[in-house]
1. Restricting to segment 12-31, what's the tally of residues that are within 15 Å of residue 163 (Cβ to Cβ) and not in a helix (DSSP H, G or I)?
2. Hey, could you check segment 48-84 for residues that are closer than 20 Å to residue 121 by Cβ and hydroxyl-bearing (Ser, Thr, Tyr) and say which is modelled with the highest pLDDT?
3. List pairs: first in segment 145-168 and open to solvent by 70 Å² or more (accessible area, probe 1.4 Å), second at pLDDT 95 or above and in a helix (DSSP H, G or I), Cβ under 6 Å, 6+ apart or cross-chain?
4. What pairs come out if I take residues in segment 95-106 that are farther than 20 Å from residue 169 by Cβ and modelled with pLDDT of 95 or more and pair them with residues that are assigned to a loop (DSSP other than H, G, I, E, B) and not acidic (Asp, Glu) whose C-beta lies under 7 Å away, six or more apart or interchain?
5. Select, from 118, 137, the only residue that is surrounded by 15 or more Cβ atoms within 10 Å (Cβ to Cβ), under 17 Å from the mean Cα position of the chain (by Cα) and modelled with pLDDT under 95.
6. Has segment 33-48 got any residue that is open to solvent by 10 Å² or more (accessible area, probe 1.4 Å), farther than 28 Å from residue 155 by Cβ, touching a residue at least 40 places away in the same chain (Cβ under 8 Å) and touching a Gly at 6+ places or on another chain (Cβ under 7 Å)?
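The values are calculated or read from the model by the stated rules, or taken from the named source; none is laboratory data. Just so it is clear, the model here is predicted, and its values are computed rather than measured. Reconstructed Cβ throughout: ideal geometry from the backbone, glycine too, with neighbour counts over all protein chains shown. With ligands, DNA and RNA removed, areas are computed over all heavy atoms of the protein, side chains included. Shrake-Rupley method; radii C 1.70, N 1.55, O 1.52, S 1.80 Å.
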Amino acid sequence: MKNSVILAVSGSLRAASYNTAALRAAQQVAPPWADVRLFDGIGALPLFNPDLDNAAPEPVTAWRTALAEADAVLIASPEYAHGVTGVLKNALDWVVSMQHLPGKRVALLNTSPRAYHAQESLREILRTMCLRLVPEASIDLPLQGSRMGVDGILARPDMVQALRGAVEVLAAP
């Protein structure tokens, strides 16, 4: 089986983010044929400006390149005021016109299952961008309030199984 590259993207900039921890755990439990790469540069992206679209700054170029090289995308993001985080929305705005995106597989990882407004909004944004949502790879991990980091997640067989299963489904052609 060909190695599948999955770009993992956290919509949170917090150092102790549950979303980033879940993505780091997904990296560790991925099968050998799934290369999960965490993109940690969305905080460096300037605010989207269509005037800069053709002469994009370096952080934008790095973001676009990472997406173009990925076979699939795994997004984990918190919900702020019933919406998608500004940093994630800004990152998506920078790539809305990319030719490599339509049809690319994407899954959503929700670390706060009671927060569903942002997930629904994100699904709508991704559908509008013509990405292919993979519901079987989109999972809820109840981490909010748990104070769990990567080690705590990896110590929970149920979470390891859920993450591994999501990555396996997303990495499948």
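1. 2
2. 77
3. Listed pairs, sorted by first residue: 164/29.
4. 95/101
5. Exactly one of 118, 137 is surrounded by 15 or more Cβ atoms within 10 Å (Cβ to Cβ), under 17 Å from the mean Cα position of the chain (by Cα) and modelled with pLDDT under 95, namely 118.
6. no
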